[in-house]
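Enquirer: The following block contains the structure, expressed as structure tokens.
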Amino acid sequence: MEDKIGCLEQVLQDFHTKGNHIRLISQEPERLDDGGFVRICKSSESIGVGELPAGLEPLLERLLATASSAGDGDGSQGQVLPDVMEERGSILKEIVEEVLERIDEFSSLEQYIWLVKFSCGLCLLKNLPVGMSFEINKVIRSVASLETEEYEHCPVTIHTISKSLFEDIPLEGMNLVHVIKKLTVLNQKLFYYVSITLVFAGIQHYSQSSGGESVPMYRLFGFDDVLSQLGALKLEHIKQERDMRVFFLILKLLSAYQNAAILRHSLCRWEDLQEQHKDFAEFFRISIDQKKAFIQWLLKARNFVANLNSKSGMQDIGLKEDLMLVTELIDLDMIALMEDDIEEASQ
């Protein structure tokens, strides 16, 4: 792993020498404009627009028209008249009501996948009207309440749902982290497995030598696989201007996995894991030695990032702020929690 850490250090050193003063890291999701949301609703090849609820198609067209009247046609709502924003909010609420009224009619797996994509698309919308967050949460909770027991432990189904979310929305950047967190907090096992699968898909996607090759199989991984992926990161092949952003994004994905998988099951007995996750139990069985190996990787990453921060000149304000943000993420959100977890598990 030493040589891989060295490669990553060189990436950040090269970035530093370019003297880039622009902030590259943002913790906020990029979100979707209204046009992007409508494309999600219409993009599913398996369900087709003709199978959508009858009243949904005209509502989507009205939403696009409202987005166009907002100025630039992309739904960004930069300088929008109050009556236009009010109309947009009204249309979005009608869309939500139309889907909720007919949610029990979505009986096939293909239709269920459309509902999940629809829910995630809503969660990513830009400039939500007042009160719309409540309506969106109602949708995703309603989808989470649907019976999915027959799909919960099917690798093919998990792959299909994850692939559709990752590639059809598409989930990129902090949008991916945002959706993972949304799915993880819901008490729904299929959503949970999909969220963990998306973590690994994101790490694979952003650590590819080409900077974004397709993920061959969306699936759960064990912790040995996590450590192996960390050792095999090839960030030196990612385009230079994206290095810091990509490194931070991978760390955010690891942090999401740490909270959702490692810490959640830390004190579970093997028997409890088997009862809860059945054939997937092994993926959540993580030893103290594995956790210590993870901490060692984090410490090395933190040390060379902190070293770069100390060497950066005062003129590199953007770079210094980015480096400090990465250091804080590793120190406060990752290492500290893992050390507390190991201490608790050892008692």
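The values are calculated or read from the model by the stated rules, or taken from the named source; none is laboratory data. As the structure is a computational prediction, the values presented were derived from the model and not from experiment. Cβ placement follows ideal geometry from the backbone for every residue including glycine, while neighbour counts extend to all protein chains displayed. For accessibility, only protein heavy atoms count, side chains too; no ligands or nucleic acids. Shrake-Rupley method; radii C 1.70, N 1.55, O 1.52, S 1.80 Å.
Enquirer: In what order, largest first, do Met217, Met174 sit by accessible area if the probe radius is 1.4 Å?
Expert: Met217, Met174
Enquirer: Moving on. I need the peptides 251-257, 294-300, 142-148 ranked by packing, meaning the mean over residues of other C-beta atoms within 10 angstrom, with the highest value on top.
Expert: In decreasing order of mean packing, 251-257, 294-300, 142-148 become 251-257, 294-300, 142-148.
Enquirer: Could you work out the local net charge near Cys268, counting Lys and Arg as +1, Asp and Glu as -1, over the other residues with Cβ closer than 11 Å to its Cβ?
Expert: Overall, the nearby charge balance is 0.
Enquirer: For the peptides 128-135, 278-285, 322-329, what is the packing order when you average, over each peptide's residues, the other Cβ atoms within 10 Å and list the highest mean first?
Expert: Final packing ranking: 322-329, 278-285, 128-135.
Enquirer: Work out, step by step, the length gained on full extension between Ala345 and Phe134: first 0.36 nm times the residue separation, then minus their alpha carbon distance; give nm to one decimal.
Expert: Full extension of this stretch gives 72.2 nm more.
Enquirer: Let me ask something else about it. Among the listed pairs Lys42/Lys93; Lys181/Lys292; Lys182/Lys300, give every one whose C-alpha distance is greater than 27 Å.
Expert: Lys182/Lys300
Enquirer: Further question: Mind giving me the nanometre distance, one decimal, between the label points for Gln111 and Leu267, set 7 Å out from Cα along Cα→Cβ?
Expert: A separation of 4.3 nm, rounded to one decimal place.
Enquirer: Give, to the nearest whole percent, the P(r) tail of segment 66-197 beyond 20 angstrom, counting all Cα pairs.
Expert: 48 percent
Enquirer: Taking 0.36 nm per residue of separation and subtracting the Cα-Cα distance, what length does fully extending Gln296 through Glu275 add? Working shown, then result.
Expert: On the way: separation 21, 0.36 × 21 = 7.56 nm, distance 3.15 nm.
My answer for the length gained is 4.4 nm.
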